[in-house]
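Worksheet for the structure shown next.
The values are calculated or read from the model by the stated rules, or taken from the named source; none is laboratory data. Model, not experiment: these values are computed from the prediction. Areas reflect the complete protein model, heavy atoms only, side chains present, ligands, DNA and RNA absent. Shrake-Rupley method; radii C 1.70, N 1.55, O 1.52, S 1.80 Å.
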Amino acid sequence: MSLRHLALMGCALFLGACNPITQDNYAKLHAGMHRSEVEALLGKPSDCAGALGVSSCTWGDKNRFISIQYAGDDVMMFSGKGLK
């Protein structure tokens, strides 16, 4: 295995260990938190949809996720599944 392959594998392992979808990050969320604060904590969402000033964004996948509902740019409600 070349040095380049080892470096790529190391980067992949490092990035995998930095998954922001955790119980610790979920515990930092609170109603009224601004969207920019949430994205600083969790990164950009996997999916967002909404209308008329209300939106819902999800980070993660169907087995492990954090879902946040916004009113404007402020957290209204949030939920999670499969967090470690």
Extended-chain gain in nm, criterion 0.36 nm per residue less alpha-carbon gap, D61 and S46: 4.6 nm
Accessible area (Å², 1.4 Å probe, nearest 10) - F78: 60 Å²
For C18, solvent-accessible area (1.4 Å; no DNA, RNA or ligand), Å²: 70 Å²
Normalised alpha carbon radius of gyration of segment 34-84 [divisor 2.2 N^0.38 Å]: 1.07
Order of exposure, largest accessible area first, which applies to M33, M77 with probe 1.4 Å: M77, M33
